[in-house]
Amino acid sequence: MKVFDKYYAQYYNLLYKDKDYESESKYIISLIKKFYPEARNILDLGCGTGRHAKLFSDAGFNVLGVDQSKYMLNEAMNKKDDRLDFIEGDIRFLKLDKKFDVVTALFHVLSYQNTNKDVENLFKTAYNHLNKDGLFIFDFWYGPAVITQRPEVRIKELENDNIKFIRVAKPIIDFSRNVVEVNYKIFAVDKNNKTFLEHEEIHPMRFFFDPELELFIENITFKLEGKFSWLKFDKPSENDWSVVWVVRK
(Lines give C-alpha, C1' and ligand atoms only; values in the text may rest on other atoms or scores of the structure.)
Protein backbone atom coordinates (compact mmCIF):
# COMPACT_ATOMS: atom_id res chain seq x y z
CA MET A 1 0.00 0.00 0.00
CA LYS A 2 1.33 3.43 -0.89
CA VAL A 3 1.44 5.57 2.22
CA PHE A 4 0.95 8.90 0.46
CA ASP A 5 -2.08 8.09 -1.64
CA LYS A 6 -4.43 10.55 -3.27
CA TYR A 7 -6.46 11.26 -0.14
CA TYR A 8 -3.53 11.90 2.16
CA ALA A 9 -1.64 14.08 -0.29
CA GLN A 10 -4.69 16.28 -0.78
CA TYR A 11 -4.47 17.43 2.83
CA TYR A 12 -0.73 17.08 3.40
CA ASN A 13 0.06 20.77 3.59
CA LEU A 14 -2.81 21.35 6.02
CA LEU A 15 -1.62 18.49 8.22
CA TYR A 16 1.80 20.04 8.50
CA LYS A 17 0.90 23.71 8.38
CA ASP A 18 2.57 24.17 11.79
CA LYS A 19 5.81 22.53 10.62
CA ASP A 20 8.52 25.18 10.43
CA TYR A 21 9.91 24.49 6.97
CA GLU A 22 11.68 27.85 6.90
CA SER A 23 13.74 27.17 10.04
CA GLU A 24 14.46 23.63 8.88
CA SER A 25 15.66 24.79 5.47
CA LYS A 26 17.86 27.47 7.05
CA TYR A 27 19.34 24.79 9.31
CA ILE A 28 20.15 22.49 6.39
CA ILE A 29 21.69 25.42 4.51
CA SER A 30 23.83 26.18 7.58
CA LEU A 31 25.10 22.58 7.49
CA ILE A 32 25.89 22.95 3.80
CA LYS A 33 27.78 26.19 4.41
CA LYS A 34 29.70 24.56 7.27
CA PHE A 35 30.78 21.44 5.40
CA TYR A 36 30.66 22.42 1.71
CA PRO A 37 30.39 26.21 1.27
CA GLU A 38 31.01 25.95 -2.49
CA ALA A 39 27.85 23.87 -3.05
CA ARG A 40 25.54 25.22 -5.72
CA ASN A 41 22.95 22.52 -6.43
CA ILE A 42 20.82 20.07 -4.44
CA LEU A 43 19.02 16.81 -5.19
CA ASP A 44 16.12 16.47 -2.73
CA LEU A 45 15.04 12.82 -2.38
CA GLY A 46 11.49 12.21 -1.18
CA CYS A 47 10.67 15.88 -1.69
CA GLY A 48 6.92 15.53 -1.03
CA THR A 49 5.09 18.73 -1.91
CA GLY A 50 8.40 20.54 -2.38
CA ARG A 51 8.37 22.97 0.52
CA HIS A 52 11.99 22.38 1.55
CA ALA A 53 13.06 22.36 -2.10
CA LYS A 54 11.35 25.69 -2.76
CA LEU A 55 13.12 27.33 0.16
CA PHE A 56 16.47 25.95 -1.02
CA SER A 57 15.75 27.44 -4.43
CA ASP A 58 14.80 30.78 -2.90
CA ALA A 59 18.18 30.75 -1.15
CA GLY A 60 19.96 30.54 -4.50
CA PHE A 61 20.50 26.80 -5.02
CA ASN A 62 19.54 24.94 -8.18
CA VAL A 63 17.28 22.16 -6.93
CA LEU A 64 15.76 18.98 -8.34
CA GLY A 65 13.10 17.30 -6.20
CA VAL A 66 12.18 13.64 -6.62
CA ASP A 67 9.15 11.84 -5.22
CA GLN A 68 7.30 8.61 -5.98
CA SER A 69 3.85 10.09 -5.39
CA LYS A 70 2.37 11.84 -8.42
CA TYR A 71 -0.20 13.43 -6.12
CA MET A 72 2.53 15.03 -4.02
CA LEU A 73 4.27 16.18 -7.18
CA ASN A 74 1.08 17.80 -8.46
CA GLU A 75 1.32 20.08 -5.42
CA ALA A 76 5.07 20.53 -5.85
CA MET A 77 4.79 21.57 -9.50
CA ASN A 78 3.06 24.77 -8.41
CA LYS A 79 6.37 25.81 -6.81
CA LYS A 80 8.55 25.39 -9.91
CA ASP A 81 10.80 28.27 -10.93
CA ASP A 82 13.97 28.87 -12.95
CA ARG A 83 16.11 27.10 -10.35
CA LEU A 84 13.62 24.46 -9.21
CA ASP A 85 12.20 21.39 -10.94
CA PHE A 86 10.55 18.12 -9.92
CA ILE A 87 10.39 14.61 -11.34
CA GLU A 88 8.58 11.42 -10.39
CA GLY A 89 10.74 8.46 -9.40
CA ASP A 90 11.54 5.75 -6.87
CA ILE A 91 14.45 7.16 -4.86
CA ARG A 92 15.79 3.66 -4.20
CA PHE A 93 16.44 3.02 -7.89
CA LEU A 94 16.95 6.50 -9.31
CA LYS A 95 19.41 6.87 -12.19
CA LEU A 96 19.97 10.38 -13.53
CA ASP A 97 22.60 11.65 -15.96
CA LYS A 98 23.58 14.40 -13.56
CA LYS A 99 25.52 14.79 -10.34
CA PHE A 100 24.97 17.22 -7.48
CA ASP A 101 26.94 18.96 -4.76
CA VAL A 102 24.40 18.00 -2.09
CA VAL A 103 21.77 15.28 -1.75
CA THR A 104 19.11 15.61 0.95
CA ALA A 105 16.54 13.15 2.34
CA LEU A 106 14.46 15.06 4.88
CA PHE A 107 11.40 14.63 7.09
CA HIS A 108 12.49 11.09 7.99
CA VAL A 109 12.66 9.75 4.44
CA LEU A 110 15.32 7.30 5.65
CA SER A 111 12.96 5.92 8.31
CA TYR A 112 10.47 4.99 5.59
CA GLN A 113 13.11 2.56 4.28
CA ASN A 114 12.18 -0.42 6.44
CA THR A 115 14.48 -3.13 5.09
CA ASN A 116 18.27 -3.23 4.99
CA LYS A 117 18.11 -3.48 1.20
CA ASP A 118 15.96 -0.36 0.94
CA VAL A 119 18.34 1.55 3.21
CA GLU A 120 21.33 0.37 1.19
CA ASN A 121 19.66 1.36 -2.08
CA LEU A 122 18.86 4.85 -0.79
CA PHE A 123 22.49 5.36 0.24
CA LYS A 124 23.63 4.10 -3.17
CA THR A 125 21.30 6.54 -4.92
CA ALA A 126 22.75 9.41 -2.91
CA TYR A 127 26.34 8.31 -3.50
CA ASN A 128 25.91 7.76 -7.23
CA HIS A 129 24.41 11.22 -7.75
CA LEU A 130 27.02 13.19 -5.81
CA ASN A 131 30.02 15.02 -7.14
CA LYS A 132 33.37 14.23 -5.53
CA ASP A 133 33.38 15.55 -1.94
CA GLY A 134 29.62 16.12 -2.14
CA LEU A 135 27.38 15.84 0.93
CA PHE A 136 24.48 13.57 1.77
CA ILE A 137 22.34 15.10 4.54
CA PHE A 138 19.56 13.00 6.06
CA ASP A 139 17.44 12.84 9.20
CA PHE A 140 15.77 9.86 10.85
CA TRP A 141 14.05 8.50 13.93
CA TYR A 142 16.72 7.99 16.58
CA GLY A 143 16.67 4.60 18.30
CA PRO A 144 17.78 5.69 21.80
CA ALA A 145 14.90 8.18 21.98
CA VAL A 146 12.34 5.65 20.75
CA ILE A 147 13.49 3.13 23.36
CA THR A 148 13.59 5.54 26.30
CA GLN A 149 10.54 7.69 25.55
CA ARG A 150 8.28 5.23 23.71
CA PRO A 151 5.79 6.64 21.19
CA GLU A 152 2.29 7.41 22.45
CA VAL A 153 -1.16 7.81 20.94
CA ARG A 154 -1.53 11.31 19.50
CA ILE A 155 -4.60 13.19 18.30
CA LYS A 156 -4.32 16.14 15.93
CA GLU A 157 -7.24 18.37 15.00
CA LEU A 158 -7.00 20.90 12.18
CA GLU A 159 -9.29 22.95 10.00
CA ASN A 160 -9.47 25.70 7.42
CA ASP A 161 -12.32 27.36 5.54
CA ASN A 162 -13.05 24.21 3.54
CA ILE A 163 -12.39 21.22 5.75
CA LYS A 164 -12.05 20.05 9.32
CA PHE A 165 -10.39 16.80 10.25
CA ILE A 166 -9.07 14.78 13.15
CA ARG A 167 -6.12 12.43 12.85
CA VAL A 168 -5.53 9.73 15.46
CA ALA A 169 -2.06 8.15 15.46
CA LYS A 170 -1.64 4.86 17.35
CA PRO A 171 1.98 3.57 17.35
CA ILE A 172 2.98 -0.07 17.82
CA ILE A 173 6.66 -0.96 18.24
CA ASP A 174 8.05 -4.03 16.48
CA PHE A 175 11.41 -4.56 18.18
CA SER A 176 12.28 -7.46 15.89
CA ARG A 177 12.51 -5.02 12.96
CA ASN A 178 13.33 -1.76 14.78
CA VAL A 179 10.12 -0.38 13.30
CA VAL A 180 7.27 1.66 14.78
CA GLU A 181 4.05 0.98 12.91
CA VAL A 182 2.05 4.20 13.19
CA ASN A 183 -1.61 3.41 12.57
CA TYR A 184 -3.44 6.50 11.34
CA LYS A 185 -7.19 7.00 11.36
CA ILE A 186 -8.32 10.22 9.70
CA PHE A 187 -11.80 11.71 10.00
CA ALA A 188 -12.60 14.67 7.75
CA VAL A 189 -15.66 16.83 7.13
CA ASP A 190 -15.93 18.89 3.96
CA LYS A 191 -17.55 22.12 5.10
CA ASN A 192 -18.83 22.98 1.63
CA ASN A 193 -20.88 19.88 0.88
CA LYS A 194 -21.01 18.37 4.40
CA THR A 195 -19.36 15.18 3.15
CA PHE A 196 -17.84 12.97 5.87
CA LEU A 197 -14.65 11.13 4.96
CA GLU A 198 -12.82 8.40 6.84
CA HIS A 199 -9.40 7.05 5.94
CA GLU A 200 -6.96 4.57 7.51
CA GLU A 201 -3.33 3.82 6.76
CA ILE A 202 -0.16 2.51 8.36
CA HIS A 203 3.22 4.25 8.27
CA PRO A 204 5.99 1.80 9.23
CA MET A 205 8.86 3.96 10.52
CA ARG A 206 12.26 2.40 11.12
CA PHE A 207 14.41 3.78 13.92
CA PHE A 208 18.18 3.61 13.76
CA PHE A 209 21.15 3.28 16.08
CA ASP A 210 24.64 4.63 15.41
CA PRO A 211 26.48 1.31 14.82
CA GLU A 212 24.14 0.11 12.06
CA LEU A 213 24.17 3.44 10.24
CA GLU A 214 27.95 3.61 10.52
CA LEU A 215 28.11 0.19 8.87
CA PHE A 216 25.82 1.30 6.05
CA ILE A 217 27.88 4.39 5.24
CA GLU A 218 31.17 2.49 5.50
CA ASN A 219 29.91 -0.11 3.04
CA ILE A 220 29.01 2.63 0.56
CA THR A 221 32.37 4.38 1.33
CA PHE A 222 30.82 7.55 2.67
CA LYS A 223 32.80 9.49 5.26
CA LEU A 224 30.94 10.70 8.35
CA GLU A 225 31.29 14.46 8.84
CA GLY A 226 28.86 15.06 11.68
CA LYS A 227 25.84 13.84 13.63
CA PHE A 228 23.57 16.34 15.36
CA SER A 229 20.32 16.79 17.21
CA TRP A 230 17.76 18.06 14.72
CA LEU A 231 17.91 21.86 14.28
CA LYS A 232 20.93 22.04 16.58
CA PHE A 233 24.67 21.41 16.51
CA ASP A 234 24.56 19.38 19.73
CA LYS A 235 25.55 15.74 20.08
CA PRO A 236 22.42 13.53 19.81
CA SER A 237 21.00 12.12 23.04
CA GLU A 238 18.15 9.87 24.12
CA ASN A 239 15.99 13.00 24.23
CA ASP A 240 16.23 13.52 20.47
CA TRP A 241 13.60 11.74 18.39
CA SER A 242 15.00 13.29 15.24
CA VAL A 243 18.70 13.27 14.41
CA VAL A 244 20.57 14.48 11.32
CA TRP A 245 23.77 13.07 9.85
CA VAL A 246 26.09 14.67 7.32
CA VAL A 247 28.25 12.30 5.26
CA ARG A 248 30.68 13.03 2.43
CA LYS A 249 31.44 11.13 -0.76
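Annotations
- Residue list for segment 190-249, filter: more than 18 Å from the chain's Cα centre (by Cα) and of a type in the set (F, W, Y): F196, F216, F222, F233
- Test: residue in segment 136-146 that is of a type in the set (V, I, T) and over 28 Å from I186 (Cβ atoms): yes
- Scanning segment 35-66 for residues that are more than 18 Å from K99 (Cα to Cα) and either free of Cβ contacts under 8 Å to residues at least 40 places away in the same chain or among the β-branched types (V, I, T) (or both) turns up T49, G50, R51, K54, L55, D58, A59.
- Restricting D118, D81, D85 to those that are without any contact (Cβ under 8 Å) to a residue 60 or more places away in the chain, over 22 Å from I29 (Cβ atoms) and of a type in the set (D, E, K, R) reduces the list to D118.
- Residue check, L130 touching a helix residue (DSSP H, G or I) at 6+ places or on another chain (Cβ under 7 Å) and at pLDDT 95 or above: no
- Scan of segment 186-205 for residues that are surrounded by fewer than 14 Cβ atoms within 10 Å (Cβ to Cβ), free of Cβ contacts under 8 Å to residues at least 24 places away in the same chain and within 20 Å of R154 (Cβ to Cβ), ordered by number: E198, E200
For every residue, the table says whether it meets (1) in a strand (DSSP E or B); (2) hydroxyl-bearing (S, T, Y).
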residue	(1), (2)
N74	no, no
I91	no, no
L94	no, no
V103	yes, no
S111	no, yes
N121	no, no
D133	yes, no
F136	yes, no
R177	no, no
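The values are calculated or read from the model by the stated rules, or taken from the named source; none is laboratory data. Everything numeric here is computed off the predicted structure, so don't read it as measured data. Methodologically, a virtual Cβ is constructed for each residue, glycine included, from the backbone with ideal geometry; neighbour enumeration extends over all protein chains shown.
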